[in-house]
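Everything below concerns the one structure shown next.
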Amino acid sequence: MKHKDCDNCHQDIAFCYKYLEKGGEKRLEMCAQCPKLREIYGETSPHAFLRCPECRLDVHELRRTKECGCASCYSTFESEIFSLLQKPASGETVHIGHKPQTGSDLNLSEKISSLHLALNDALQHEKYELAAQIRDEISSITNGRAP
Amino acid sequence: MIDFTGLLQNAQMVLELRRNIEPYKFTHKLSDADKKEIGDLLKEILEPQCVSYTPSQPESELVFGHKVRTLYKHASRPIVIAPLSEDHLHFFTIANPSELFSAYDSLIAFEEELSRRFTYAFHDKFGYLTAGIDYAGAALTVKSLLFAPLSDYCTLQFPPGMEFVLGRTSPPLFLTLCNITSLGVTEKYLLETAKRGILELQNEYRSAARELMKTSSLEIKDRAVRALVIVKNALCLTKKDLDEHLPHLFVGVQNGWVRNITEAELFAVYAQALSSDPLARLQHDFTSMTFSP
């Protein structure tokens, strides 16, 4: 099969632009850096034409609303989103906080949760000594965890 | 002198946690069938441990500025869950600054309990994924509310070098500090910064207010009297009227100049004004209020 080149620059094709002219459909095949792209869209970045494969959100809508349509948008527009985000004072631009729990974490979390219920119950019945013991137990479990 | 020791003068912190469920699209892109599916799933999980509330006008009720369809209040913890608002799950809890960390622990324990039933949308770099990209990361917003009815008269210096935006509610009854982004910082950092910020601001407000009462008490008293006269004699009061006059009435009540109404009653009026239509008439009878110089 013959490899196709950009109509203008003879580079690999990145975009295909269809338009109507004199009653017929015309095709214009362009590379990512093609100057023809600037003429058509005013931009040459290939990101300008990205669309999320899941929710069909495009980069223009993302820039306008600063809203993603689904989880896939974050992978599709990764560099664009990083550029749109306000940079935190720490200089870190990746997530460093809490993460979804694995199986063993969940058992721990269930234990803490039941201890919280027991603590509330003890407080409601004014069993303050028991409440203090439960509170200490919760603290000892949560000491090694975020935050 | 103003009494700053009462419960209502305390700063309060609101923790908001956002989560989305895999593999669904985010709320504004969901089909009706998916919305129903998620709604039913959350109902099944939340109803046994929560009390549900559905507003009379769907999506019209505001909770800390967010429109909601249904609300679930946890039966034994101070946690409210708004499903299918901007994100699939929006958790709220309110806490005193001194109980901020335990409130967070309780919130995250509940979030982890729910994660047994589904997977949250998560990305290694962006953390928890949210519809609004600014919330990605920990997807945790820490808002601090400071009851500050005299803030109109003060020039306050807000905590420098902190990632906070200042929102001034209308009426200027509360000053709000809140973090912008949680990407690249731990939850502990967010909580500590918010707590330190609000306590610094609270101290600054207190000293500014004390100074004001020494230098401008006549002007403040005059504004309180004018607010009382307007509120008592108005044929009807809209939220806009209350926006303007309530802060002065609060100052009057705090100082004992305005009588026969308590701060709690004024807060009830304020809550009614916030939850009703902007042009709705308020049904509170102010005629019994008196002024004592």
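The values are calculated or read from the model by the stated rules, or taken from the named source; none is laboratory data. Remember, predicted model here, so these are calculated numbers, not experimental data. Here the Cβ is made from the backbone with ideal geometry for all residues, glycine too, and neighbour counts use every protein chain on show.
A few remarks follow.
- Filtered residue count, the range B:94-119, keeping only those that are at the interface with chain A (Cβ under 8 Å from one of its Cβ atoms) and either in contact with an Asp or Glu (Cβ under 7 Å, 6 or more places away or on another chain) or part of a helix (DSSP H, G or I) (or both): 10
- Scanning the range A:3-22 for residues that are under 33 Å from the mean Cα position of the chain (by Cα) and assigned to a loop (DSSP other than H, G, I, E, B) returns A:Cys6, A:Gln11, A:Ile13, A:Ala14.
- Taking residues in the range B:129-140 that are facing another protein chain (nearest Cβ under 7 Å), and partners anywhere that are outside any helix (DSSP H, G or I) and polar (S, T, N, Q), the pairs with Cβ atoms closer than 8 Å and at least 6 places apart or on different chains are B:Leu129/B:Asn20; B:Ala131/B:Asn20; B:Asp134/A:Gln86; B:Asp134/B:Thr181; B:Gly137/B:Thr181; B:Gly137/B:Ser182; B:Ala138/B:Ser182; B:Ala138/B:Thr186.
- Filtered by the rule that a residue be more than 26 Å from A:Glu61 (Cα to Cα) and either among the polar types (S, T, N, Q) or not assigned by TED's automatic domain parsing to the domain that holds B:Tyr135 (or both), the range B:20-57 gives B:Gln49, B:Ser52, B:Thr54, B:Ser56, B:Gln57.
- Test result for A:Ile112, facing chain B (nearest Cβ under 8 Å) and at pLDDT below 80: yes
- Restricting B:Leu228, B:Leu212 to those that are at pLDDT 85 or above and in a helix (DSSP H, G or I) reduces the list to B:Leu228.
- Residue within the range B:22-31 that is of a type in the set (Lys, Arg) and at pLDDT 90 or above present: yes
- Evaluation of B:Leu41 against (1) part of a helix (DSSP H, G or I); (2) within 10 Å of another protein chain (Cβ to nearest Cβ) (one fails), failing number: (2)
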